[in-house]
Amino acid sequence: MKIGGRHYRSVWVEPDGWSVGIIDQTKLPHEFALLRLAGAEDCARAIKTMQTRGAPLIGAVAAYGLCMALRADSSDAALDRAHAMLLAQRPTAVNLRWALDAVRDAVRNRPRGERVAAAYAKAKDICDDDAATCEAIGEHGLRLFEQAWAKKGRRGKLDVLTHCNAGWLATVDWGTALAPIYKAHDAGIPIHVWVDETRPRNQGAALTAWELGQHGVDHTVVVDNAGGHLMQHGMVDLCIVGTDRVTANGDVCNKIGTYLKALAANDNGVPFYVGLPHSTIDWTLDDGMKIPIEERGAEEVTEIAGRAPDGTLTRVRVPPQGSAAANYGFDVTPARLVTALITERGVCPATRAGLRALYDSHPKR
Ligand code: MRU
């Protein structure tokens, strides 16, 4: 995607040919800062601290982390150590495991002298595949947006609600939930996006709003609790979100608060769509309640980060000292509340049969 007229992906190999560049997402939207990651530990830290984030993107960055670990030591033991270390950084998004397994499988049976090159080739494949996959999600989603726009009589704007950030900052390019929004905007459908702020880390207010602004898409940031009210008043034509893990039966795990939006959408007859790439499907699970839910530090709940009037980036505390805080990162939306899944292979019902019909020829993990 373009920032200030220049095309960026969310991760790239630096001119040295081995280290990796990312956008430091903890500084957005106030500063556009780039970071160079020069080892597996750097990649792990960037994933843990969410300098880089979003299910597909953490997989891609971890894949390069494994490449850099192999550069330092190409033995089986080092490969397994780095795989385990990177995997431990975030538990919920299955893309992390998918990407690490893909790199490990690509090098495992090769002589040590070939492993580094094979790992970098696989990491590049993962990135190219993610960009193409997300663009295809955008194309399939566009058809649904065209139908919704026609249903609305092509009057006013198509009002879309999204939660968290499932845009190009969360993937290598395009995004999942935001890809159809960009495609629809580019196709001339007048789109307006309600952006949930997405407490506690505010990925909606900070990242989605910034991305949409860069692309010229009309948007309004709302507090997380506003969605139900908007839907009751006919102000949302459709909801679309990304996901960190979809089970084989279509349960959808995504950023905390997604489930409440799906309930409100169901109650108000608003379509609730989920955009996802193949790397987000966990074929080993049949029940969303079995997905491990990340719990993060209480300070993300008790403090809010932002820019102070003097221009400095700062954090302020909200609750009284001593109040306990809990920080569950994700929740699960049962398949029955999902209108359809939008994948790179097409649109399907959120059911085992629906997913199988699209992916039967795909190698299962
Ligand atoms: O904790 P985050 O910011 O990594 O969570 C991101 C999300 O929940 C996204 O909606 C999800 O990863 C889909 S990304 C295309």
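The values are calculated or read from the model by the stated rules, or taken from the named source; none is laboratory data. The structure displayed is predicted, hence computed values, not measured ones. Cβ placement follows ideal geometry from the backbone for every residue including glycine, while neighbour counts extend to all protein chains displayed. Remember, those area values only see protein heavy atoms, side chains included, never the ligands or the DNA or RNA. Shrake-Rupley method; radii C 1.70, N 1.55, O 1.52, S 1.80 Å.
Based on what the data block shows, is ARG115 of a type outside the set (Phe, Trp, Tyr), in contact with a strand residue (DSSP E or B) (Cβ under 9 Å, 6 or more places away or on another chain) and in the same structural domain as ILE58 (by TED's automatic domain parsing)? Steps first, answer last, please.
On the way: of a type outside the set (Phe, Trp, Tyr): yes; in contact with a strand residue (DSSP E or B) (Cβ under 9 Å, 6 or more places away or on another chain): no; in the same structural domain as ILE58 (by TED's automatic domain parsing): yes.
Judged against the criteria, ARG115 is not a match.
Residues that are of a type in the set (Ser, Thr, Tyr) and at pLDDT below 95: list the helices (runs of 4 or more DSSP H) wholly contained in region 1-103 that include at least 3 such residues. Let's see the steps before the verdict.
Values: elements: 40-48, 55-72, 76-87.
Qualifying helices (runs of 4 or more DSSP H): none found.
Given the conditions (1) more than 23 Å from ASP24 (Cβ to Cβ); (2) open to solvent by less than 50 Å² (accessible area, probe 1.4 Å); (3) out of contact with any Pro (no Cβ under 7 Å at 6 or more places or on another chain), and given that ASN202 satisfies all but one, which numbered condition is not satisfied?
Exception for ASN202: condition (1).
If we keep just the residues of region 17-45 that are acidic (Asp, Glu) and in contact with a strand residue (DSSP E or B) (Cβ under 9 Å, 6 or more places away or on another chain), which is least open to solvent (accessible area, probe 1.4 Å)? Walk me through how you get there before you give the answer.
To start, the set of residues in region 17-45 that are acidic (Asp, Glu) comprises 24, 31, 41-42.
Then keep just the ones that are in contact with a strand residue (DSSP E or B) (Cβ under 9 Å, 6 or more places away or on another chain); that gives 24, 31, 42.
Details: ASP24: 4, GLU31: 78, ASP42: 42 Å².
Residue satisfying both the conditions and the ranking: ASP24.
State which residue is surrounded by the fewest Cβ atoms within 10 Å (Cβ to Cβ) when the search covers only region 274-312 and only residues that are among the aliphatic types (A, V, I, L, M) and more than 30 Å from GLY138 (Cα to Cα). Steps first, answer last, please.
Here is the first cut: in region 274-312, the residues among the aliphatic types (A, V, I, L, M) are 274, 276, 281, 285, 289, 291, 293, 298, 301, 304-305, 308.
Subset that is more than 30 Å from GLY138 (Cα to Cα): 298, 301, 304-305, 308.
Details: ALA298: 15, VAL301: 19, ILE304: 15, ALA305: 16, ALA308: 10.
Here the answer is ALA308.
Tell me, which residue of region 162-211 that is touching an Asp or Glu at 6+ places or on another chain (Cβ under 7 Å) and of a type in the set (D, E, K, R) is farthest from the ligand (Cβ to nearest atom)?
LYS183
Could you go through region 230-238 and let me know if any residue there is assigned to a strand (DSSP E or B) and either in contact with a Lys or Arg (Cβ under 9 Å, 6 or more places away or on another chain) or not assigned by TED's automatic domain parsing to the domain that holds ALA298 (or both).
no
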